[in-house]
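Here the structure is laid out as structure tokens; the discussion comes afterwards.
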Amino acid sequence: MDKLLSSWSSSAKSLPESYVFPVDSRPGDTNVPFCNTFPVIDLEAALANDRHDAIQQILKACQDFGFFQVINHGVNNDLVSDTMNVVKEFFNMPNEDKASVYSEDPSKKCRLYTSTYDYDNEKVHLWRDNLRHHCHPIEDFINLWPQKPARYRDVVREYSLQVDNLSSRILELISEGLGLEPGYFGDGLTGSQLFSVNHYPPCPNPNLALGLPKHCDACLITFLLQDEMYGLQVYRNGEWFGVQPIPNAFVVILGHQAQVISNGKLISPEHRAITNSKNHRTSIVYSINPKPDTIIEPAKALINKSNYPLYRAFQFKEFLKAYEVKKDYNEGALEDFKIKEELKEESSHKTRDQGCENQLGDLHLTK
Ligand code: OGA
Ligand code: NI
């Protein structure tokens, strides 16, 4: 457990070399502007007007930004603060109380570790400790969750159920907005859910280190809860912008799978977590993932003569392998799954072999 930041970082006078990011990916000046056009959706108000209104707001946010903050979302506010408090209590416990969940084995379904799943081989370490566990279906996993603090399991169980419920409502609005059939995001696409807590202790040099480097989320959709400390940034039009924490709000972030299923209509935004030198920061990330064997592909309802599929079908586990092996967490992770080259070939075959009209017309070769 010596590797955990919470074991040693409070006595660190300077940032160890192994935490210094290369010049082109370090944050440098962490004082980037907040973006006041980042969408904040009041779900209750949007739904009170009518369902159509909520769908329009959510779809526009997902098309333009790939993320939004949601308030009045129906997850009980006391439960939200209680969950944040209980995970903070977990990280504040002495090491002997956390030892039972500490593990360096990434295949563990519940574990406390530091940096990434591959600490020993990574080029630069991340300035974060992480506790993560599966949580769906809860009864399959709850026995693996931390037993201390004593109320951890009860609180996190209720939180998981309520956030799962919110995710179903939001996914239903997204699928209706895209014109997909009700229940499109059924069990296969949402059958694996992860509860992950990022704990970022004060960092001796926030300009050189990162809590999480620039990435897109691998999942379908993420519900991120941040505490009052700012640290989440989104990359947009070549610049970094800060996402202002709003008490009790969730930051809803689309993952790579939402981009594929929507055939590029919705985007998965690049984002990162910076650190600061004074305060601890905690975020709780609830991510909705497909089951490993589920086939991911652009939804058939979105494909027609003028909208060719931009991605080939693949199993989710195949994508995860590419995401991890390539260590490319951005747009590049989807590179192997794009079909523009195949389409080009198919198009030339058709023209050559059958002399038929090239139906591919104006291919959307770029997104
Ligand atoms: C993540 C993530 C950002 C944050 O865990 O995928 O992007 O603010 N976290 O902790
Ligand atoms: Ni993320």
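The values are calculated or read from the model by the stated rules, or taken from the named source; none is laboratory data. All figures in this text were calculated on a predicted structure; none of them were measured in a lab. Cβ placement follows ideal geometry from the backbone for every residue including glycine, while neighbour counts extend to all protein chains displayed.
Side notes on the structure shown:
- Taken together, the residues in the stretch 260-287 that are touching a helix residue (DSSP H, G or I) at 6+ places or on another chain (Cβ under 8 Å) and either more than 15 Å from ligand 1 (Cβ to nearest atom) or β-branched (V, I, T) (or both) amount to 9.
- Residues within the stretch 143-160 that are of a type in the set (F, W, Y) and in a helix (DSSP H, G or I), tallied: 2
- Near pairs, Cβ below 9 angstrom, 6+ apart or cross-chain, from the stretch 236-252 (of a type in the set (K, R)) to any residue that is in a loop (DSSP other than H, G, I, E, B): R236/C35; R236/F38; R236/F65; R236/P269; R236/E270
- Screening A209 with (1) surrounded by fewer than 22 Cβ atoms within 10 Å (Cβ to Cβ); (2) over 17 Å from the mean Cα position of the chain (by Cα); (3) more than 25 Å from Q63 (Cβ to Cβ); (4) touching a residue at least 60 places away in the same chain (Cβ under 8 Å) gives one miss only, at (1).
- Residue tally, condition within 12 Å of ligand 1 (Cβ to nearest atom), more than 19 Å from S81 (Cβ to Cβ) and out of contact with any Phe, Trp or Tyr (no Cβ under 9 Å at 6 or more places or on another chain), over the stretch 220-256: 1
- Neighbours by Cβ (under 8 Å, 6+ apart or cross-chain): first from the stretch 297-321, free of Cβ contacts under 8 Å to residues at least 24 places away in the same chain; second exposed (fewer than 14 other Cβ atoms within 10 Å of the Cβ): A313/I295; F314/I295; Q315/P292; Q315/D293; Q315/I295
- Condition met for F38 (of a type outside the set (V, I, T) and closer than 23 Å to Y117 by Cα): no
- Total residues in the stretch 248-279, condition in a loop (DSSP other than H, G, I, E, B), more than 15 Å from P39 (Cα to Cα), away from ligand 2 (no atom under 11 Å from the Cβ) and not polar (S, T, N, Q): 4
- Of residues in the stretch 191-229 being closer than 23 Å to L166 by Cβ and among the hydroxyl-bearing types (S, T, Y), the one modelled with the lowest pLDDT: S192
- The set of residues in the stretch 186-234 being closer than 24 Å to F319 by Cβ, touching a helix residue (DSSP H, G or I) at 6+ places or on another chain (Cβ under 6 Å) and of a type in the set (G, A, S) consists of A218 alone.
- Matching residues, the stretch 300-315, being crowded, with 19+ Cβ neighbours inside 10 Å and either assigned to a loop (DSSP other than H, G, I, E, B) or within 16 Å of ligand 1 (Cβ to nearest atom) (or both): Y308, P309, L310
- Test for L79: is it under 19 Å from the mean Cα position of the chain (by Cα) and surrounded by 14 or more Cβ atoms within 10 Å (Cβ to Cβ): no
- Residues considered: S283, S287. Of these, the only one that is within 11 Å of ligand 2 (Cβ to nearest atom), surrounded by fewer than 23 Cβ atoms within 10 Å (Cβ to Cβ) and in a strand (DSSP E or B) is S287.
- Of all residues in the stretch 87-101, those being within 24 Å of N279 (Cβ to Cβ) and surrounded by fewer than 21 Cβ atoms within 10 Å (Cβ to Cβ) number 8.
- The stretch 214-238: number of residues that are more than 30 Å from S175 (Cα to Cα) and either outside any loop (DSSP other than H, G, I, E, B) or within 15 Å of ligand 2 (Cβ to nearest atom) (or both): 1
- Within the stretch 290-299, tally of residues that are assigned to a loop (DSSP other than H, G, I, E, B) and among the hydrophobic types (A, V, I, L, M, F, W, C): 1
- Conditions (1) within 16 Å of ligand 1 (Cβ to nearest atom); (2) touching a helix residue (DSSP H, G or I) at 6+ places or on another chain (Cβ under 7 Å); (3) assigned to a helix (DSSP H, G or I); number of the one not met by V163: (2)
- Some residue of the stretch 179-191 being within 16 Å of ligand 1 (Cβ to nearest atom) and either touching a Cys at 6+ places or on another chain (Cβ under 6 Å) or not in a loop (DSSP other than H, G, I, E, B) (or both): no
- Residue match in the stretch 19-28 (condition: under 20 Å from V251 (Cβ atoms), of a type in the set (V, I, T) and under 26 Å from the mean Cα position of the chain (by Cα)): no
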